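Chemist: Just passing along the structure, written as structure tokens.
The values are calculated or read from the model by the stated rules, or taken from the named source; none is laboratory data. Bear in mind that the values here come from a model prediction, so they are computed numbers and not experimental data. With ideal geometry, Cβ positions are generated from the backbone for all residues, glycine too; neighbour counts draw on all protein chains shown.
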Amino acid sequence: MSSDLSRRRFLALTGSAGAAAALAACGGTSTPPNTAPVGGNGGASYSGPAVTIQFWNGWTGSDGATAQKMVDQFNKDNPNVQVKMSVFQWTDFFQKLPAAVQSGNGPDVGAMHIDDLPTQVAQGVIVPLDDVASALSLKDSDYAPAVWNGGTYQGKRYGIPIDVHNLGLFYNKTVMEANGLDPEKPPTTKDEYMTALDTLKSKGIQGTWVSPFQFTGGFMFESLLWQFGGDVFSSDNASATWNADPGVQALTWMVDLVKNGYSPKNVGQDADYISLKNGKNVFNWQGIWQVNEATTLKNFEIGTAPLPVIGSTGGVWGNSHQFVLPKKTTTDADKSNASRFFINWFTQHSADWAKSAKVPAKTSQAQSADFKAIAGLSSFAADVQFTHFPPSVAGIGDALTELYTGVQNAVLLKAEPAAALGAAADKANKILASNKKKYGA
């Protein structure tokens, strides 16, 4: 799983912020965005001559292996459309993609996260695909609002939703039972959570390790921020608001877990999850991407559940992979239609994709028997209704990096929560103002 963990760090640390820097360096292109060629049906079907299309993504972990199996099946089922998939670390993906698009050698189809889309649009790397959504009769009622809206930017659709990957509660059933806690009743409220931690502490167990790193302490903070009624940015995304009272309450609760001995100090990167697997940590706020490993451990039984509500309402950090169409300097109508057809096929096989530890983006698929049969994922699907995604703003990852630094300083007890969040917000506000000039409104 070390490769998966590394990949996930690249996802957030470089998927947006790194993309912004790389794209700013490469610049845009004056070629107008493509639209579906005349006569195209948006991917509903393909009846043209044999073509080969290039598909790029950053799925370097188990999801890459799952995607390759699906591509192989697609190629077998559709001999006239052969897909060649290229996988890069996300850092390399966002370095290669703009240059490839500019030179006319970009892929026909790509997949990226919703917080990557606005920067790619602003730099002229991807094109609108409202025609695909229209031709396939995709509509907002088919998805959770955050999933559907996450694929749009400035009133146009640039992403076709593939999945949701969010935070959830992983808990060690074996250790719970050995210490007098009901392994079938994970805590759902603040009181239940603290009662369980007190029981574990009385037996010498630090039951919830708080990570100072973005993975997963930063995501834990964002979830708590929403649970306490706050938000990361203002409604116009012009300023950071994580330093308001809800944010201070959220981060104070996390820091108090450390100060009061429920968590060790100075938790290393991924040590919160590793300690869960080793029976030293009982409750871990962790990403869905660990399900396939965690639910098949031999020495300990690990369960998954929705995040406990520590504040007054549900709140969960999440993100979504979405299909995109890179800009092409010349239009090949057959490849264009075949690319859209591949997107349609893949999203119709979301139950297969879910086996890589994802929740299907489409609500009906997340409620299907095939999906529910996959161990450990149902609780994440239940939390999609409370899941928040990064806002649709170009370069937003640069500002979020400051948030994660502020959380880290507080969790490491280098600064009090209010001071850490305030300093981070000041830096982020300067970045937001600079990005507005760089990328436009």
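Chemist: Do we find that residue 111 is within 27 Å of residue 388 (Cα to Cα), assigned to a strand (DSSP E or B) and out of contact with any helix residue (DSSP H, G or I) (no Cβ under 8 Å at 6 or more places or on another chain) in this structure?
Modeler: On the way: within 27 Å of residue 388 (Cα to Cα): yes; assigned to a strand (DSSP E or B): yes; out of contact with any helix residue (DSSP H, G or I) (no Cβ under 8 Å at 6 or more places or on another chain): yes.
When the stated conditions are applied, residue 111 passes them.
Chemist: Can you find a residue that is of a type outside the set (Lys, Arg), in a helix (DSSP H, G or I) and free of Cβ contacts under 8 Å to residues at least 60 places away in the same chain anywhere in region 412-419?
Modeler: Scanning region 412-419, I find at least one residue that is of a type outside the set (Lys, Arg), in a helix (DSSP H, G or I) and free of Cβ contacts under 8 Å to residues at least 60 places away in the same chain, so the answer is yes.
Chemist: Working only within region 178-227, note down all residues that are in a helix (DSSP H, G or I), crowded, with 17+ Cβ neighbours inside 10 Å and of a type outside the set (A, V, I, L, M).
Modeler: Result: 193, 214, 215, 216, 217, 218, 219, 221, 222, 223, 226, 227.
Chemist: Does region 72-96 hold any residues that are among the aliphatic types (A, V, I, L, M) and closer than 16 Å to residue 322 by Cα, and which are they?
Modeler: 85, 87
Chemist: Could you tell me which of the residues 378, 356, 350 is closer than 30 Å to residue 175 by Cβ and touching a Lys or Arg at 6+ places or on another chain (Cβ under 9 Å)? Spell out the reasoning first.
Modeler: Values: 356 fails: touching a Lys or Arg at 6+ places or on another chain (Cβ under 9 Å); 350 fails: closer than 30 Å to residue 175 by Cβ.
None of the other options fit; the residue is 378.
Chemist: Only one of these is closer than 19 Å to residue 42 by Cα, touching a strand residue (DSSP E or B) at 6+ places or on another chain (Cβ under 7 Å) and part of a helix (DSSP H, G or I): 74, 93. Name it.
Modeler: On the way: 93 fails: closer than 19 Å to residue 42 by Cα.
Going through 74, 93 in turn, the sole match is 74.
Chemist: Something else now. Answer with yes or no whether residue 405 is within 30 Å of residue 154 (Cβ to Cβ), polar (S, T, N, Q) and without any contact (Cβ under 8 Å) to a residue 60 or more places away in the chain.
Modeler: Numbers: within 30 Å of residue 154 (Cβ to Cβ): yes; polar (S, T, N, Q): yes; without any contact (Cβ under 8 Å) to a residue 60 or more places away in the chain: yes.
Judged against the criteria, residue 405 is a match.
Chemist: Do we find that residue 222 is under 16 Å from the mean Cα position of the chain (by Cα) and in the same structural domain as residue 282 (by TED's automatic domain parsing) in this structure? Walk me through it before giving the result.
Modeler: On the way: under 16 Å from the mean Cα position of the chain (by Cα): yes; in the same structural domain as residue 282 (by TED's automatic domain parsing): yes.
The answer is yes for residue 222.
Chemist: Looking only at strands (runs of 3 or more DSSP E) that fall completely inside region 252-351, which ones have 3 or more residues that are within 30 Å of residue 72 (Cα to Cα) and outside the structural domain of residue 186 (by TED's automatic domain parsing)?
Modeler: On the way: elements: 283-287, 302-305, 316-319, 321-326.
Per the criteria, 321-326.
Matching residues to (1) more than 19 Å from the chain's Cα centre (by Cα); (2) buried (at least 21 other Cβ atoms within 10 Å of the Cβ); (3) under 29 Å from residue 143 (Cα atoms):
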residue: 254; (1), (2), (3): yes, yes, no
residue: 267; (1), (2), (3): yes, yes, no
residue: 270; (1), (2), (3): no, no, no
residue: 297; (1), (2), (3): yes, no, no
residue: 315; (1), (2), (3): no, yes, yes
residue: 320; (1), (2), (3): no, yes, yes
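Chemist: Same structure, new question: Being surrounded by fewer than 24 Cβ atoms within 10 Å (Cβ to Cβ), closer than 20 Å to residue 306 by Cβ and out of contact with any Ser or Thr (no Cβ under 7 Å at 6 or more places or on another chain) is the requirement here; does residue 245 meet it?
Modeler: On the way: surrounded by fewer than 24 Cβ atoms within 10 Å (Cβ to Cβ): yes; closer than 20 Å to residue 306 by Cβ: no; out of contact with any Ser or Thr (no Cβ under 7 Å at 6 or more places or on another chain): yes.
It is false that residue 245 is surrounded by fewer than 24 Cβ atoms within 10 Å (Cβ to Cβ), closer than 20 Å to residue 306 by Cβ and out of contact with any Ser or Thr (no Cβ under 7 Å at 6 or more places or on another chain).
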